[in-house]
1. Considering the range 124-142 alone, what residues qualify as being in a loop (DSSP other than H, G, I, E, B) and within 16 Å of the ligand (Cβ to nearest atom)?
2. Of these, Leu48, Leu42, Leu30, which one is in contact with a helix residue (DSSP H, G or I) (Cβ under 7 Å, 6 or more places away or on another chain), in contact (Cβ under 8 Å) with a residue 24 or more places away in the chain and surrounded by 11 or more Cβ atoms within 10 Å (Cβ to Cβ)?
3. On the given criteria, is Asn172 open to solvent by less than 60 Å² (accessible area, probe 1.4 Å), within 16 Å of the ligand (Cβ to nearest atom), over 16 Å from the mean Cα position of the chain (by Cα) and over 20 Å from Thr247 (Cα atoms)?
4. Output the number of residues of the range 91-123 satisfying the condition of being surrounded by fewer than 22 Cβ atoms within 10 Å (Cβ to Cβ) and within 15 Å of the ligand (Cβ to nearest atom).
5. I'm trying to understand the selection: among the residues of the range 138-155, which are touching a helix residue (DSSP H, G or I) at 6+ places or on another chain (Cβ under 7 Å) and open to solvent by less than 60 Å² (accessible area, probe 1.4 Å)?
6. Considering only residues that are open to solvent by 10 Å² or more (accessible area, probe 1.4 Å) and touching a residue at least 60 places away in the same chain (Cβ under 8 Å), which ones fall in the range 58-90?
Amino acid sequence: MPLFLRQAVVEIAYLGPEPDRWRSPSEFALKNAQEPDHFIDLERVSWLDPLPPGRYEFYRKLYEKRAATTDHPDDYLPERVGLQPYITMEVYGRLKAAFRGYRQLRAAHQPTAAVQQAIIFYAGWLGHYVADGSQPLHTTIHYNGWVGPNPNEYTTEHHIHGQFESAYMAANLKEKDFAAFVKAPARLSDPFADYIAYLRKSNALVAKVYALEKAGGFNGKGSPEAFDFTAHRLAAGSQMLLDLWYTAWLESAVPVPEHPPSTPPSKSAAPSK
Ligand SMILES: [Zn+2]
């Protein structure tokens, strides 16, 4: 990958929390538009597999479902279900397009400083959502306290989300604790489908987070089991981000077809009916 990106560690780290700086009521339109980007309640869309590759088709399917639902229909509003994979692929697309511009300027022996800044911004911004996706509680209706039938008597208090991802994390884990679990990046064959699979894997670990909490694993210094679990989640997020950066870079070398097909190329896309 280009050296300038490898040297932008400080900028990329600064940009990781950038979308959390867009939550102030003093910028209402921004706060309102972007809050659903941080999560997706996968249980609410179990009937929609594969997920459509574009956000507007996703909206349409949800509104159809809402219209056909009598019990809590508003649970299917797009902003309630969450738009995690859509914003992620949109920022990924911006990064890939910027890489393509960088390659073109380089080939034309033109200055690249401006596009380099754009690439660093997109790479850092992307990191936020990919990291959110590694946290199981960003993929579930149980995002901050168990809801509905609760045979294992998991906590229904609204504290587990912050306790796990902020308090416990900040006090107990460092980069060196998970760096060894992160491998060299791999090219993703279908970034949208691969990203959805990543979110589903994270969602499969929701009960595990609650079980760890119930056992006191996130209190104070926590338990060895909670430490191991958290280190592997951090590694999974880092790996997916690396793989998306690397794939965007490689894919940016692929020439854009002169007459692009009107349907998206994602292998996960169902043929439109
Ligand atoms: Zn977030």
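1. Correct list: Gln135, Thr139, Thr140.
2. Leu42
3. no
4. 0
5. His138, Thr139, Thr140, Ile141, His142, Asn144, Gly145, Trp146, Tyr154, Thr155
6. The answer is Met89, and nothing else.
The values are calculated or read from the model by the stated rules, or taken from the named source; none is laboratory data. Small disclaimer: the values here were computed from a predicted structure and weren't measured. Cβ: placed from backbone, ideal geometry, glycine included. Neighbour counts: every protein chain shown. Keep in mind that these areas ignore ligands, DNA and RNA; they rest on the heavy atoms of the full protein, side chains included. Shrake-Rupley method; radii C 1.70, N 1.55, O 1.52, S 1.80 Å.
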